[in-house]
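Undergrad: This structure is in structure tokens; I'll ask about it shortly.
Just so it is clear, none of the values below were taken in a lab; they were calculated from the coordinates. In this text the structure is predicted, and so the values were computed from the model without any measurement. Cβ coordinates were reconstructed from backbone atoms using ideal geometry, including for glycine residues, and neighbour counts include every protein chain displayed.
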């Protein structure tokens, strides 16, 4: 179906046959992205600009699901976003400092365009940062969770602006609530507890979600390339999510044993918990949040403070160090770097 996209004041609505980029008519002088940025900058933002840009969502979701990151780059190239990038960047740099939703969405959009057009000088002022790999799941799993969030709101959640990322803050709130739940549980952690804290996590991070599937029902790269305790992970599409439930149950058997054992090497225990739960990857999304919850619960039981995960996430160097350490344990069966990491942050 043709989409209606708003053009500059004084011009009529245009039927758009493609993905919502500007037409080549000579009277159509400004790209929609730039018009929206100007409106926000001037304090005259109107719903029609936001709605017109948000109308790209169905097409964007389609390419993400079909081709992932490659699909997004092809999408950007087909729309010639590289030509609009300099002007959009300039308008975003001139935005007022007020911490509004529109400003954060526009910063996210500009960073998204930067990322998909191979911009050499990314828009990274004032603590601004954007990772395409964090945006993709937010869009890809929107339908999975029946989340009505549009792609601009998704961008606003994952972009780092003014030194904060809204999704990370939401994950921290979810983890704190999960820890409170687990602390008041007087028994060993069971699968039902994992299911409870997972649903709480999704509702905290995606408040608009109306569907809360706990276990994933699809195979991914994890199932073909990862190992748990040196043994290859072998799963079948026809047995998911039952495989996930079984793997979580097996994980909890050992995890509860670690909680009760005071003589365990704590760095080794944390490395095992972190790598193993991420390897199982039982949930559609937010496996990392549940893993960090379990790490901090272990530390709380042992009388230790929680790890400052926000500081790690905020620091690209520390985040990369953790990723590399986990990779060494998961792919190369070398736990030393991950154990060393947990000793250092403890």
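Undergrad: Restricting attention to the alpha-carbon atoms of region 287-343, what are Rg (one decimal) and Dmax (integer), both in Å?
TA: Here Rg and the maximum Cα pair distance are 11.8, 32 Å.
Undergrad: Give me the compactness ratio for region 167-345, meaning the Cα radius of gyration over 2.2 N^0.38 Å.
TA: Numbers: Rg = 15.6 Å, N = 179, 2.2 N^0.38 = 15.8 Å.
For region 167-345, the normalised Cα radius of gyration comes out at 0.99.
Undergrad: How would you order 156-162, 307-313 from highest to lowest mean count of nearby Cβ atoms within 10 Å? If you can, show how the numbers build up before the last one.
TA: Numbers: 156-162: 22.4, 307-313: 15.4.
Ranked from most to least packed, the peptides come out as 156-162, 307-313.
Undergrad: Distance in nm between label sites at residue 90 and residue 340, each 7 Å beyond Cα in the beta-carbon direction?
TA: Inter-label distance under the simple model: 4.8 nm.
Undergrad: Here's something else I'd like to know. Let me check I have the definition right: for region 175-214, take the eigenvalues of the Cα gyration tensor, multiply each by 5, take square roots. What are those semi-axes in whole Å, largest first?
TA: Values: eigenvalues 83, 27, 5 Å².
The three semi-axes for region 175-214 are 20, 12, 5 Å.
Undergrad: Based on other C-beta atoms within 10 Å, arrange 322, 212 from fewest to most. Present the calculation step by step, with values, prior to reporting the outcome.
TA: Numbers: 322 20, 212 17.
Sorted ascending by nearby Cβ count, the order is 212, 322.
Undergrad: For region 129-196, what does the convex hull of the Cα positions come to per residue, in cubic angstrom?
TA: Values: hull volume 7.6 nm³, N = 68.
Expressed per residue, the convex hull around the Cα atoms of region 129-196 is 111 Å³.
Undergrad: Taking only the alpha-carbon positions of region 54-190 and ignoring solvent, what does the Debye formula give for the base-10 log of I(q)/I(0) at q = 0.22 Å⁻¹?
TA: With no solvent term, the Cα-only Debye profile gives -1.40.
Undergrad: Along Cα→Cβ, 7 Å out, is where each label goes; now give me the distance between the ones at residue 249 and residue 67 in nm to one decimal.
TA: For the pair residue 249/residue 67, the computed spacing is 4.3 nm.
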